[in-house]
1. Tell me which of these His121 doesn't satisfy, since it passes every other one: (1) under 19 Å from the mean Cα position of the chain (by Cα); (2) in a helix (DSSP H, G or I); (3) surrounded by 12 or more Cβ atoms within 10 Å (Cβ to Cβ).
2. I'd like to check something: does segment 101-111 contain any residue that is in contact (Cβ under 8 Å) with a residue 60 or more places away in the chain and outside any helix (DSSP H, G or I)?
3. Looking only at segment 134-148, filter to residues that are part of a helix (DSSP H, G or I) and either touching a strand residue (DSSP E or B) at 6+ places or on another chain (Cβ under 8 Å) or of a type outside the set (Gly, Ala, Ser) (or both); which one of those is farthest from Arg49 (Cα to Cα)?
4. Return the residues of segment 22-74 that are among the aromatic types (Phe, Trp, Tyr), at pLDDT 75 or above and in contact with a Pro (Cβ under 9 Å, 6 or more places away or on another chain); say none if nothing qualifies.
5. Is there a residue being in the same structural domain as Arg44 (by TED's automatic domain parsing), in contact with a helix residue (DSSP H, G or I) (Cβ under 9 Å, 6 or more places away or on another chain) and closer than 21 Å to Arg44 by Cβ anywhere in segment 74-82?
6. Considering only segment 137-147, I want to know if a residue exists there that is outside the structural domain of Leu211 (by TED's automatic domain parsing) and either closer than 30 Å to Arg186 by Cβ or polar (S, T, N, Q) (or both).
7. Regarding Lys116, is this residue under 25 Å from the mean Cα position of the chain (by Cα), free of Cβ contacts under 8 Å to residues at least 40 places away in the same chain, more than 30 Å from Arg217 (Cα to Cα) and in a helix (DSSP H, G or I)?
8. Quick check on segment 84-97. Is at least one of its residues more than 19 Å from the chain's Cα centre (by Cα), at pLDDT below 80, not acidic (Asp, Glu) and not in a helix (DSSP H, G or I)?
Amino acid sequence: MAREPADRWNSAKELSKAISARCPELLFDAEERSQFMRELFSDRIDQTRKLFELSKAKYLIAYEKFMAHPADDVGYYNPLRLLPTLKFKPWQTLYAHLDEHFHDDRVSYAFSYPSKYLGLHPTTCSSVFGVIPFLELAFGVWHVMGGFRALAAGMMKCAQDLGATFRMSSPVDEVLVENGEAKGVRLASGEVLKADLVVVNADLPYAAQRLIPEKWREGSRLSNACALGDR
């Protein structure tokens, strides 16, 4: 089947040029970035260039080994696949990684903003997230027109085009389990929906306590999830 255009379900706008070029993490043009760095940190141009060259190499390995590789393939979990990543010192913190290049807290913390995406401090966040500034500079920063709600609506429309059906305002009372396998759900209305596969996107402690019958969760990992819900 031919690939459908993405804008059939949603549209996005590149913000790199629209946002002020005074924001260093959004400088898409390499020359603009160098000029910005020259103005603020005249002796840090070479370090910045080396950092982004390293980040590009890191991204290419990450894409080939993980992003573009099916996780359901047994080979995905082969520890030998991690060997090429060791030269990037993934055990380092993001701050330590940046400090190796700049030796300047001002610049290191300026480039450590990806840690905020995770709610972490640069001194506790893994250095692997240092590739994010490169991604934003190389491919641009994009904003979904209409916000994340529009993104969800676009995904829904895409699924509907592929034959999916959505039931709104239909709370689930119970996941039906047969011989240890989920086989459907019972709605609050009493209606039973049978299925070959059940995907539960509710909060894990809630799902374990409220949706899975006790006889099927006792002695399993779901028992621990119930304990989390009691805290």
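The values are calculated or read from the model by the stated rules, or taken from the named source; none is laboratory data. No experiment lies behind these values; they were computed from the predicted model shown. Because the Cβ atoms are built from the backbone with ideal geometry, glycine has one as well, and the counts that use them run over all protein chains shown.
1. (2)
2. Yes, the conditions are met somewhere in segment 101-111.
3. Our first condition is that a residue be part of a helix (DSSP H, G or I); within segment 134-148, this holds for 134-139, 147-148.
Applying the additional criterion that residues be either touching a strand residue (DSSP E or B) at 6+ places or on another chain (Cβ under 8 Å) or of a type outside the set (Gly, Ala, Ser) (or both) yields 134-137, 139, 148.
On the way: Phe134: 11, Leu135: 14, Glu136: 15, Leu137: 12, Phe139: 17, Phe148: 33 Å.
Checking each candidate, the answer is Phe148.
4. Phe52
5. Taking segment 74-82 first, the residues in the same structural domain as Arg44 (by TED's automatic domain parsing) are 74-82.
Still in the running and in contact with a helix residue (DSSP H, G or I) (Cβ under 9 Å, 6 or more places away or on another chain): 75-76, 81-82.
Retained after the next criterion (residues that are closer than 21 Å to Arg44 by Cβ): none.
No, because not a single residue in segment 74-82 is in the same structural domain as Arg44 (by TED's automatic domain parsing), in contact with a helix residue (DSSP H, G or I) (Cβ under 9 Å, 6 or more places away or on another chain) and closer than 21 Å to Arg44 by Cβ.
6. Checked segment 137-147: no residue is outside the structural domain of Leu211 (by TED's automatic domain parsing) and either closer than 30 Å to Arg186 by Cβ or polar (S, T, N, Q) (or both).
7. On the way: under 25 Å from the mean Cα position of the chain (by Cα): yes; free of Cβ contacts under 8 Å to residues at least 40 places away in the same chain: yes; more than 30 Å from Arg217 (Cα to Cα): yes; in a helix (DSSP H, G or I): yes.
The answer is yes for Lys116.
8. no
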